[in-house]
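The values are calculated or read from the model by the stated rules, or taken from the named source; none is laboratory data. Small disclaimer: the values here were computed from a predicted structure and weren't measured. Using ideal geometry, Cβ is built from the backbone for each residue, glycine included, and neighbour counts are taken over all protein chains shown. Accessible surface areas use protein heavy atoms only, side chains included; no ligands, DNA or RNA. Shrake-Rupley method; radii C 1.70, N 1.55, O 1.52, S 1.80 Å.
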Amino acid sequence: MPIKTPFYADFNELAQLALSYRSAKPLLVALHYDLFTWIEKGYDAVPRLSRRLGLDARATRLLLDALCALGRLEKHGTRYRNTRAGRRLLVASSPEYMGSNLRYQEYTWDAWSDLRHVLKSGKPRTDLLGWIGKDFFTGDYIRAMGDVTREPARDLAAKLGWEGATRCLDVGSGAGTFAAAFVEAAPGVSADLFDLPAPLAVARGLLKGHPRFGRFGFREGNYLKDSLGEGEYDQVLISNVTRVEDVKVNRMLVRKAFKALRPGGRLVIHDYVIDADRTGPRFSALLNLHLLVFTGKGSAYTADEYAGWLRQAGFEDLKRIPVSPESLHPSLAVVGRKPARA
């Protein structure tokens, strides 16, 4: 007779998944009020912290105690301290601060809460361009993308060869983290950032203190409507863009990139990829739902799909470069070269 699996062996895992929002929300709300930064500044007891931020003292204590239970803070008597990871990632003055990206997750909370409606309509109430049009959203969104792409950009820059490359284009450049990583990795390279006016203004502000600022160019444009140039670049990067567009648009972007490249130049498409059956990796399968509720279009694509688009556009010598494979959310770059005879 088969041994019956204990009830809690199955139920505990299910309950942990269903209740995971109770772990996420305290962290996101703490970042909304920048509690980790204020604690690092010395506002480390409930009375002083709650008065400084205009919060209810009891509610603040309950939140801080919950963050201790989650391992995000430490409690010593009546005082709270940041953990080592908290000082590194959650305090705004840290050069490795990730709070912008985590705060962005709360912006998407309501969109995810609308999943029941979206399953009937197939569309979110507000698409990505609608969000970008909101003054309160754009700056935080671009900074959030800058946080999460900082390390992948450095990893990709280190893995790309730069011999003979002098001019690059970053399409849908966001915070400019990839452009920054490229000019840091290759002394002879300049990089043009191509994006809508509002995101480009944010990127300009983020990069203004960069020691190689003079090697950045800023091109306002809409990649859906505008040319990327003709025979101007040694490299075109399309990073974290394809997942928010459909196949038709992505094929168009690949053709535009081919036209913008000099003979022998390369296109680098970088994004998260999904397996052929579209059930994994887990992050990519959930990313597809995120795109459904937040943008209403786009998808995580397979590596073979990317390669197919490049071949159809005339690229050759295709290769695949794993990016940040040690990350919880690794990504992939698919690279193709425009024929030297083109």
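Among the residues of region 286-332, count how many are of a type in the set (A, V, I, L, M) and more than 30 Å from THR126 (Cα to Cα).
Of region 286-332, the ones of a type in the set (A, V, I, L, M) are 286-287, 289, 291-293, 300, 303, 307, 310, 313, 318, 321, 323, 328, 332.
Add one more test, that the residue is more than 30 Å from THR126 (Cα to Cα), and what stays is 307, 310, 313, 318, 321, 323.
Here the count works out to 6.
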> Being at pLDDT below 95 and either over 17 Å from the mean Cα position of the chain (by Cα) or not small (Gly, Ala, Ser) (or both), is that true of even one residue in region 169-185?
Replying inline: no
> Considering region 290-319 alone, what residues qualify as being surrounded by fewer than 18 Cβ atoms within 10 Å (Cβ to Cβ), over 16 Å from ALA276 (Cα atoms) and at pLDDT 95 or above?
Replying inline: ARG311, GLN312, GLY314, GLU316, ASP317, LEU318, LYS319
> In region 253-285, which residues are closer than 11 Å to PHE315 by Cβ, surrounded by 22 or more Cβ atoms within 10 Å (Cβ to Cβ) and out of contact with any Leu (no Cβ under 8 Å at 6 or more places or on another chain)?
Replying inline: GLY265, ARG266
> If LYS225 passes every condition in (1) assigned to a loop (DSSP other than H, G, I, E, B); (2) open to solvent by less than 50 Å² (accessible area, probe 1.4 Å); (3) basic (Lys, Arg) but one, which one does it miss?
Replying inline: (2)
>> Which residue is surrounded by the fewest Cβ atoms within 10 Å (Cβ to Cβ), if the candidates are limited to region 157-184 and must be among the polar types (S, T, N, Q) and part of a loop (DSSP other than H, G, I, E, B)?
In response: THR166
>> Quick test of your reading of the structure: LEU207 fulfils all but one of (1) farther than 21 Å from LEU267 by Cβ; (2) open to solvent by less than 20 Å² (accessible area, probe 1.4 Å); (3) modelled with pLDDT under 95. Name the failing condition by number.
In response: (3)
> Which residue, of ARG243, ARG278, ARG262, is part of a helix (DSSP H, G or I) and charged (D, E, K, R)?
Replying inline: ARG243
>> Restricting to region 192-204, and then to whatever is of a type in the set (Gly, Ala, Ser) and either in contact (Cβ under 8 Å) with a residue 40 or more places away in the chain or in contact with a helix residue (DSSP H, G or I) (Cβ under 7 Å, 6 or more places away or on another chain) (or both), can you tell me which residue is least open to solvent (accessible area, probe 1.4 Å)?
In response: ALA203
>> Return the pair list, or none, for Cβ contacts closer than 7 Å from residues in region 320-333 that are under 11 Å from PRO281 (Cβ atoms) to residues that are open to solvent by less than 70 Å² (accessible area, probe 1.4 Å) and in a loop (DSSP other than H, G, I, E, B), at least 6 apart or on different chains.
In response: HIS329/TYR272; PRO330/SER324; SER331/TYR272; SER331/SER324
> Can you name every residue in region 83-114 that is modelled with pLDDT under 95, assigned to a helix (DSSP H, G or I) and open to solvent by 40 Å² or more (accessible area, probe 1.4 Å)?
Replying inline: LEU102, ARG103, GLN105, GLU106, TYR107, TRP109, ASP110, TRP112, SER113
> So, in region 115-130, of the ones that are surrounded by 15 or more Cβ atoms within 10 Å (Cβ to Cβ) and not hydrophobic (A, V, I, L, M, F, W, C), which residue ends up modelled with the highest pLDDT?
Replying inline: PRO124
> Using beta carbons and a limit of 6 Å, which pairs, at least six apart or on different chains, have the first residue in region 159-178 and farther than 20 Å from ILE142 by Cα and the second one open to solvent by 10 Å² or more (accessible area, probe 1.4 Å) and not hydroxyl-bearing (Ser, Thr, Tyr)?
Replying inline: LYS159/ILE321; ALA165/ASP234; THR166/GLY188; THR166/ASP234; ARG167/ASP234
> Do you know which residues across region 228-246 are under 16 Å from GLY146 (Cβ atoms) and open to solvent by 60 Å² or more (accessible area, probe 1.4 Å)?
Replying inline: none
>> Anything in region 140-156 that is surrounded by fewer than 22 Cβ atoms within 10 Å (Cβ to Cβ), more than 14 Å from PRO95 (Cα to Cα) and at pLDDT 90 or above? List them, or say none.
In response: ARG154, ASP155
